[in-house]
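**Q** I have a structure I would like to understand better, so I am pasting it below and will then ask my questions one at a time.
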Amino acid sequence: MSKTDNPISKVVSTHRPDLEQEYVPLYKHFHAHPELSHQEKETAAKIAEHLSQKCPDVELHTGIGGHGLAGVLKNGNGATVLLRADIDGLPVEEKSGLEWASKKRMVDLEGVEKPTMHACGHDVHMTSLLAAASLLYNSRDTWSGTLIFCFQPAEEKGQGAQAMVDDGLYDKVPIPDVVLGGHVMPMRAGTLGTKRGLMASSADSLKVTLHGKGGHASQPHRLVDPVVMAASTVMRLQTIVSREVDPADTAVVTCACIIAGDAENVVADNAILKLDLRALNAETRSKVLSSVKRIVNAESMASGAVQDPTFETTRNFPLTINDDEVTQRLEESFGEHFGTDDNSYTSSAAKLGGSEDFGILATAIGKPSSFWTYGGTDPKLWDKVAEEGRPGDVPINHSALFAPVIMPTLQVAVDAYAVAALTWLLEEMMGL
């Protein structure tokens, strides 16, 4: 079937809004005005304003799980589809040099002022979902069913999806038959991919406090040095993956932050380690967590700590597992719409490098879900680094240089949301 004969593609091409005039400026606004997790107040207000203007019949619910929003568009009998976008930024100082680069700083929930940036593409996600909402709203004479546009806060903390569920998301909106979403990645712009099964690793973040005994640096024999304790702990933690995880399996143990002391001649009382743990299955996840706690406790004891270390879990992300049947249906729709001849679409996308709480929106109600990825790297840059063998020159998510090229990234993102939704919503109208 050619693209012109494909009923889904016809709807999308006919009703796609003017992205250059309407949504590129909106994207630039979101990019220039990011907000940290749990503090997305102005972002949520802008989303609500735009959704109300472009889709006046959408039933809008705000303030869910913090600054989460959900818009419901009921349009006759048929499937109920939830489309999700995340909306929070990161504590990163932008160095892209773009005219619309973020210069914003915010005080985080711990009272610390931080630079703030959309360094993970959530600005693309919410802009594209708003554009897709407009497309689907204006094409509602072609499909039948119910749409839920879900704008989720605090994804970067791994807390937003659960917060929305706990705050009664599914008491406010209908239970969806399927939950769908996507993420911009450092891939060639204009490309999109799906993957059946495991799509993203689990993640657990821990704040570990090691308790020493501080004092004058000239009297170490009277002290318990938490810096030495921290150093030995960090080095020992590196053996978990190399010596305790099956070589055929994969895990990550990273100590990304060490905090201890303020002066060179004063030994601090405590040291803080901030750890990030990743795993690809539940058994390995449990093993790594257990090993981390065993090693931290043992190193603390060996150092003569004045008390046991304290552990605080700061983030949890579940495994993201794409439903086979749902993903197979997306493979067919995406393949027909985007095409496979020029590698625009692939059904064998790589797993996410990071983790996601997207799946909670589905597992909380026992429904299937699927999560896809699409490229945001300027094709000229992508081709250049590929030719020169320098893939490391492509800015990745969470980098201070991460700024997806707006086109064709935005159109692919919009089309993906719309095509995915119509895969279920056109059934009723077409008698499929």
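The values are calculated or read from the model by the stated rules, or taken from the named source; none is laboratory data. Quantities reported herein were computed from a predicted structural model and do not represent experimental measurements. FYI the Cβ positions are ideal-geometry reconstructions off the backbone, even for glycines, and counts take in every protein chain you see.
Residue-wise test of (1) among the acidic types (Asp, Glu); (2) without any contact (Cβ under 8 Å) to a residue 40 or more places away in the chain; (3) assigned to a loop (DSSP other than H, G, I, E, B).
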site: Leu147; (1), (2), (3): no, no, no
site: Phe151; (1), (2), (3): no, no, no
site: Glu155; (1), (2), (3): yes, no, yes
site: Gly158; (1), (2), (3): no, no, yes
site: Gln162; (1), (2), (3): no, no, no
site: Val165; (1), (2), (3): no, no, no
site: Tyr170; (1), (2), (3): no, no, no
site: Pro176; (1), (2), (3): no, no, yes
site: Gly181; (1), (2), (3): no, no, no
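**Q** Also: For region 202-220, give me each residue that is in a strand (DSSP E or B) and at negative phi.
**A** Once the filter is applied, which keeps residues that are in a strand (DSSP E or B) and at negative phi, region 202-220 yields Ser202, Ala203, Asp204, Ser205, Leu206, Lys207, Val208, Thr209, Leu210, His211, Lys213, His216.
**Q** Within region 346-356, does at least one residue satisfy the condition of being within 26 Å of Glu155 (Cα to Cα), outside the structural domain of Leu83 (by TED's automatic domain parsing) and touching a Ser or Thr at 6+ places or on another chain (Cβ under 8 Å)?
**A** Scanning region 346-356 turns up no residue that is within 26 Å of Glu155 (Cα to Cα), outside the structural domain of Leu83 (by TED's automatic domain parsing) and touching a Ser or Thr at 6+ places or on another chain (Cβ under 8 Å).
**Q** Which one is farthest from the chain's Cα centre (by Cα), of the residues in region 238-253 that are surrounded by 15 or more Cβ atoms within 10 Å (Cβ to Cβ) and modelled with pLDDT of 95 or more?
**A** Glu244
**Q** Right, something else. Out of the strands (runs of 3 or more DSSP E) lying entirely within region 266-375, which hold 1 or more residues that are touching a residue at least 12 places away in the same chain (Cβ under 8 Å) and under 25 Å from Leu169 (Cα atoms)?
**A** 310-317, 320-322
**Q** Could you list, in sequence order, all residues of region 176-197 that are in contact with a Lys or Arg (Cβ under 7 Å, 6 or more places away or on another chain) and either closer than 19 Å to Thr62 by Cα or β-branched (Val, Ile, Thr) (or both)?
**A** The answer is Pro176, Val178, Val179.
**Q** Please go through region 390-404 and give me each residue that is surrounded by fewer than 18 Cβ atoms within 10 Å (Cβ to Cβ), farther than 15 Å from Pro91 by Cα and in contact (Cβ under 8 Å) with a residue 12 or more places away in the chain, ordered by number.
**A** Within region 390-404, Asp393, Ile396 meet the criteria.
Here is a yes/no grid of residues against (1) at positive phi; (2) surrounded by 24 or more Cβ atoms within 10 Å (Cβ to Cβ):
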{"position": "Thr146", "(1), (2)": "no, no"}
{"position": "Asp166", "(1), (2)": "no, no"}
{"position": "Leu180", "(1), (2)": "no, yes"}
{"position": "Gly190", "(1), (2)": "yes, no"}
{"position": "Arg222", "(1), (2)": "no, no"}
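**Q** Specify the residue that is nearest to Ser37 (Cα to Cα); the eligible residues are those in region 279-330 that are touching a helix residue (DSSP H, G or I) at 6+ places or on another chain (Cβ under 8 Å) and of a type in the set (S, T, N, Q).
**A** Ser291
**Q** With the condition kept exactly as written, say whether any residue in region 157-164 is closer than 30 Å to Val412 by Cα, more than 21 Å from the chain's Cα centre (by Cα) and in the same structural domain as Ala349 (by TED's automatic domain parsing).
**A** no
**Q** Any chance region 16-32 includes a residue that's touching a strand residue (DSSP E or B) at 6+ places or on another chain (Cβ under 9 Å) and under 24 Å from Arg315 (Cα atoms)?
**A** Initially, region 16-32 is screened for residues touching a strand residue (DSSP E or B) at 6+ places or on another chain (Cβ under 9 Å), giving 31.
Now restrict to residues that are under 24 Å from Arg315 (Cα atoms): none.
No, there is no match, as no residue in region 16-32 is touching a strand residue (DSSP E or B) at 6+ places or on another chain (Cβ under 9 Å) and under 24 Å from Arg315 (Cα atoms).
**Q** I would also like to ask the following. Just one of Arg285, Arg222 is more than 22 Å from Glu155 (Cα to Cα) and among the basic types (Lys, Arg); which is it?
**A** Checking each option against the conditions leaves just Arg222.
**Q** Test each condition in (1) free of Cβ contacts under 8 Å to residues at least 12 places away in the same chain; (2) buried (at least 22 other Cβ atoms within 10 Å of the Cβ) for Lys380 and report the one that comes out false.
**A** If we test Lys380 against (1) free of Cβ contacts under 8 Å to residues at least 12 places away in the same chain; (2) buried (at least 22 other Cβ atoms within 10 Å of the Cβ), just (2) comes out false.
**Q** Of the residues that sit in region 196-215 and are under 21 Å from the mean Cα position of the chain (by Cα) and among the small types (Gly, Ala, Ser), which one is farthest from Asn297 (Cα to Cα)?
**A** Applying the filter and picking the extreme gives Gly197.
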